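Read through the structure below, which is laid out as structure tokens, and then see the notes.
Every number in this text was worked out from the coordinates using simple rules, so none of it is lab data. This is a predicted model, so every value here is computed, not measured. Every residue, glycine among them, receives a Cβ derived from its backbone with ideal geometry; neighbour counts consider all protein chains shown.
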Amino acid sequence: MNPQLLFWVPVALRMLLVLCGAGAVWYAWGVKAGLATAMLSMLVLVVIQLHYLYRLGIWLDNPNSEKMPDGMGAWTDVFARLYKLRREDERNQAELAEWLTRFRQAMSRLPDGVVIMDDVLFLEWCNPVAEQHLGLNLARDKGMRVTNLVRHPDFMDYIILGRYEQPLTLTLRDRKLLVHLIPFENRRQILVTHDATESDRIDMMRRDFIANASHELRTPLTVINGFLEIACAQPNLDQETRMAHLKLMNEQGRRMQNLVEDMLTLTRLESMDYPLRTEHVRIQELLNQIKQEAEVLSGGRHAVTLAVEGPDVKGNTEELRSAFTNLVTNAIRYTPEQGRIALFWKEDEEGPCFIVRDTGIGIKPEHIARLTERFYRVDKSRSRETQGTGLGLAIVKHVLLRHGARLVIESNLGEGSAFTAKFPKNIALID
Ligand code: ADP
């Protein structure tokens, strides 16, 4: 029904009732009694309205705890509408609270830090990642100025200069952070922090790798080009010199080929798209072949022995062949003539392990932790002389990682080294 009618019809009915009552009294008892009845009825009506106004006032003061009053006449409609408004308001508030909870949950799962501040940089809210990145504590620091909490001159300059189009790179608490301030809603600002430490490290590794690889390839290329230039400039070189040059060029070509092959192997081992394919690795057979190859490489200059006491394992034969061959080849290359190289395959309480022990030149302790880094060499010229690419132990490390194994290096300078590949127990196959 029309709300105006809903309000005025009961009012008009009540007025009519009063007038009829007063008229009847007038008719029965005279004009004075009629007027007195009319006034008294009006007064009662006014008192009733005041009573409802008073109850409405009390309810409005405390709408949460007070019960919504029942009304009569037009008040029924007023209270019903107020009640409806209140229900809608409660529903909206519940929806808003739920939305806010969801928003905060989503924000807490973000990999980046988010800080919400007011126009004068007072902290209003931040997610746990921002707490970690900037050393904040929401419970403790809420309401404090962020520039007092993040005390870094570059951060202060960034805020003062107000050039927010670009993020700021900040080194804070040993991490490299990208910090970006975005003003929003006129009176609020949002600060987004992104941890770039890892991507920066990977970038640096990639740059180093490319620089090292280019350097490694440039050296043999320079040698080959040098001989080619000589051959062009002096076409009548004697046969002996020409053969010597060709031999050196061949060596350098092989060196480049080894390097490219090792780089491709490393890339493949690191690639996520190249999962480990496991099979039954026949250790005795594999190590016999590796020992024979080692003897060929040694050319009788070393005594190579092999003892296999441990079980076969589940793994990738070709990858393990490459890792073990690298260890054995290194032992031969870094052990002077008449040295001994002993290969063991054993099983102890930790699991199976492959040990390559040599009586070679040994390694100073300060180098040991870095040996598996790409292109890290203790003695560059010796490594090159023996056709080393500087990637052998990096390949070993990756193959072992893929098998859940690790490399342990023990060495004494001038006495020899022991390289042990330690495998987990569960890799062993029981016959
Ligand atoms: P490279 O091709 O130079 O041998 P690797 O990654 O195989 O590269 O080895 C890294 C470095 O570790 C070598 O340059 C060498 O200095 C040292 N090294 C590796 N194996 C031995 C060993 N058995 N005895 C002494 N030094 C070794």
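In the chain, the calculated helix contribution to ellipticity at 222 nm averages -19000 deg cm²/dmol per residue, counting -39,500 (n - 2.57) for every DSSP H run with n ≥ 4. Whole-percent P(r), the range 279-427, all Cα pairs, 10 Å bins from 0: 11, 45, 36, 8, 0.
The Rg/Rh ratio for the chain is 1.42, where Rg is the radius of gyration of the alpha carbons and Rh is the Kirkwood radius. The alpha-carbon of Lys142 sits under 21 angstrom from the alpha-carbon of none of the lysines, leaving out residues fewer than 8 places away in its chain. Placing dummy labels 7 Å off each Cα toward the beta-carbon, the span from Arg384 to Ser199 is 3.7 nm.
Taking only alpha carbon atoms, the range 199-270 gives an Rg to Rh ratio of 1.18, where Rh is the Kirkwood radius.
For the pair Thr171 and Glu270 in one chain, pulling the backbone fully straight at 0.36 nm per residue adds 32.7 nm over the alpha carbon distance. Highest mean packing comes first when the peptides 353-361, 339-347 are listed by Cβ atoms within 10 Å, giving 353-361, 339-347.
Restricted to Cα atoms, the range 60-207 shows a radius of gyration and a Dmax of 22.9, 85 angstrom.
When only alpha carbons of the range 143-295 are considered, Rg and Dmax amount to 28.6, 88 Å. Ranked by the mean number of other Cβ atoms within 10 Å per residue, highest first, peptides 248-261, 193-206 order as 248-261, 193-206.
For the chain, modelled as a GNM whose springs connect Cα atoms under 10 angstrom apart, the maximal fluctuation among Met243, Met272, Met68 occurs at Met68.
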